[in-house]
1. If you go through region B:68-99, how many residues are away from chain A (no Cβ under 14 Å), in a helix (DSSP H, G or I) and over 19 Å from B:Ala121 (Cβ atoms)?
2. In region A:158-177, is there at least one residue being open to solvent by 20 Å² or more (accessible area, probe 1.4 Å) and under 30 Å from B:His144 (Cβ atoms)?
3. Under 19 Å from B:Val161 (Cβ atoms), open to solvent by 20 Å² or more (accessible area, probe 1.4 Å) and touching a Gly at 6+ places or on another chain (Cβ under 6 Å): does that describe B:His95?
4. Being at the interface with another protein chain (Cβ under 8 Å from one of its Cβ atoms), among the aliphatic types (A, V, I, L, M) and in contact (Cβ under 8 Å) with a residue 40 or more places away in the chain narrows it down to one residue among B:Leu20, B:Leu43, B:Leu111; which is it?
5. Among the residues of region B:139-157, write down those that are among the polar types (S, T, N, Q) and either at pLDDT 85 or above or open to solvent by 80 Å² or more (accessible area, probe 1.4 Å) (or both).
6. So, A:Ala127, is that one crowded, with 18+ Cβ neighbours inside 10 Å, facing chain B (nearest Cβ under 9 Å) and not acidic (Asp, Glu) or not?
7. Which residues, counting only those in region A:51-76, are at pLDDT 95 or above, in a helix (DSSP H, G or I) and either within 14 Å of chain B (Cβ to nearest Cβ) or buried (at least 18 other Cβ atoms within 10 Å of the Cβ) (or both)?
Amino acid sequence: MMRDRIDRWIFDTFGISAHGLALYRVFYVLFVLVIISPGHKPFLYFSVYGTLPSDFYFPPPGPMMLFPDFPPFFFLKGVELFLVIVLGCLLMGWKTRFMSIATGLLILTGNGFAYSMGKINHDLLLAAIPIVMAFSNWGSSWSMDAVSGKTRRPEVWPVALLALMLGFMMFTAGFPKLLGGWLDINTHATYGHFIKQYFVNERQDLLSGLFLDIDNRVFWESLDWATVIFEIGFLFAILRAPVMRFWCALAILFHFMVMMMLNISFISNLPVYSIFLINWDELAARLQGVGSLIEGKYRLTAPFVLCGAMLLYLYGTPLFFLDTLFRLESDLLALELLVLMAFLPLALNRIAAGTVATVNVAMSSWQKKAPE
Amino acid sequence: MENSHKRKIRGGFYLFAAWLIFQYLMVGIIGVIHSEPWPAFTLPGFKNVFDRGEFIEQKVPVFVVEGADGETHSIRPSRIFSDIPVSHHNGIMRHQFNPARFSSGGRIKMLTPEGYDWLRARIEEEAGLMPAGSGQILVVWSDHFYRIRGEEMRQVSSVPVDTLFVMRAVP
């Protein structure tokens, strides 16, 4: 019985069609190429570490300890360049499984050296997504592989695996808070972090000034409780697709509020939230015409895709231009602000829909139990 | 055939779930002994809490060099590591220029001639200062204490607490 329930969760909970998977593949590639912009600060920017002397090589415990030093500048430049080329191939769906795994491994290689100076960024899922989704056969539709008939049947278990990874990682963010006293009503952890960021690190952009005016213990304590419940609750939210969708919408609202208050952004998890948040099948059905139109013309479009990817590599995303128009005092990028703002309406819509659905279920349950 | 495929995938999920728990335990243990392992499926906990009315303490490092003019100059790490993303600066200083990590060696960080020359060149490029003669570079760590007064936060004191001597190793 238990095994059946586990099987249902692994194989049925996060159902998605071949076209839905294909659209998500395109979304992931465009997100990395246009938003993250490999080869440019501050995300997947590896080559600078090749200019540093070996004295500063301080690998974290793990596979990076196998290397004695930073690799040469040209090697890391090559990793950035190959990443962009491989992403271009993944966009076109050419040798999709190989390109997916190569994308993940190239990100891991570059990040491994970037995190060998003493600081680790917790964006592992950005590399995990293409490696895991390679086994979903997200290249089985709207791809060069599909045109040449070299495809396998789509699988949905990789989406469940991503849910497990995300749920567990969020749990590891919440569990230390539970032990560290965030739920103690005499302490105010969020307020403490806010004050430190505002005054010591001078993160004073966006709505941070408004939060400084709030001198209400109930408000600040409720943020502590909400954070712990949200992060630990993620591990339980993965059990059902509608709850996971609701929780991912909450996650976007959470990151948006953190950005508004603390001026800290964390956009690298957006692709993994998106797979649960967006109804890819519905969107793919709407874009069926466009997909079919492009499908027969890959030989024509492939050079343009690769040229576009190379231009993005050489000059960076045009979205960096936003920073020249809208300069923030903190180290937050206008690009990060724009991206989270773009996701916010969808997240709010999902939260509203989830809340209404929960209320309806509760009401109908109450009506059934109530004596006639 | 179908059942065999499902059995393999289910087995993989069991193994991966066990691995997630094991690696979380390892991150906790190795993180205390050495530093945070990578890659690991974890996110930072930010478990610190804050009591209203208390001081906020922040350890702040600066590079200190004696310039060609004979004056002592302080240079923020953000200027030395300006090519590296800002989010990495604190981590670099904490792990690479923290005197406590060199206590057994007399709080001296020996750099290879290549490493020392790189650091010296960065100081010259970014701060326009030429470390004089001996070219000694120090990293001074201070405890900055802040206290909130209404809508302002004042730095009430800054106490130097530790110094790391950065030296050039003899080839």
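1. Within region B:68-99, residues that are away from chain A (no Cβ under 14 Å), in a helix (DSSP H, G or I) and over 19 Å from B:Ala121 (Cβ atoms) number 1.
2. Yes, some residue in region A:158-177 is open to solvent by 20 Å² or more (accessible area, probe 1.4 Å) and under 30 Å from B:His144 (Cβ atoms).
3. Working: under 19 Å from B:Val161 (Cβ atoms): yes; open to solvent by 20 Å² or more (accessible area, probe 1.4 Å): yes; touching a Gly at 6+ places or on another chain (Cβ under 6 Å): yes.
Judged against the criteria, B:His95 is a match.
4. Answer to the selection: B:Leu111.
5. B:Ser142, B:Gln155
6. Against the criterion (crowded, with 18+ Cβ neighbours inside 10 Å, facing chain B (nearest Cβ under 9 Å) and not acidic (Asp, Glu)), A:Ala127 qualifies.
7. Of everything in region A:51-76, those that are at pLDDT 95 or above, in a helix (DSSP H, G or I) and either within 14 Å of chain B (Cβ to nearest Cβ) or buried (at least 18 other Cβ atoms within 10 Å of the Cβ) (or both) turn out to be A:Pro63, A:Met64, A:Met65, A:Leu66, A:Phe73, A:Leu76.
This table checks each residue for (1) in contact (Cβ under 8 Å) with a residue 24 or more places away in the chain; (2) closer than 27 Å to A:Met260 by Cβ; (3) in a helix (DSSP H, G or I).
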site	(1), (2), (3)
A:Leu332	yes, yes, no
A:Leu335	yes, yes, yes
A:Val339	yes, yes, yes
A:Phe343	yes, yes, yes
A:Ile351	yes, yes, yes
A:Asn360	no, no, yes
A:Ser365	no, no, yes
A:Lys368	no, no, yes
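The values are calculated or read from the model by the stated rules, or taken from the named source; none is laboratory data. Please read all numbers here as calculations on a predicted model, not as lab measurements. Cβ atoms come from the backbone with ideal geometry, glycine included; neighbour counts cover every protein chain shown. Side chains included, ligands, DNA and RNA excluded: accessible areas come from the protein's heavy atoms. Shrake-Rupley method; radii C 1.70, N 1.55, O 1.52, S 1.80 Å.
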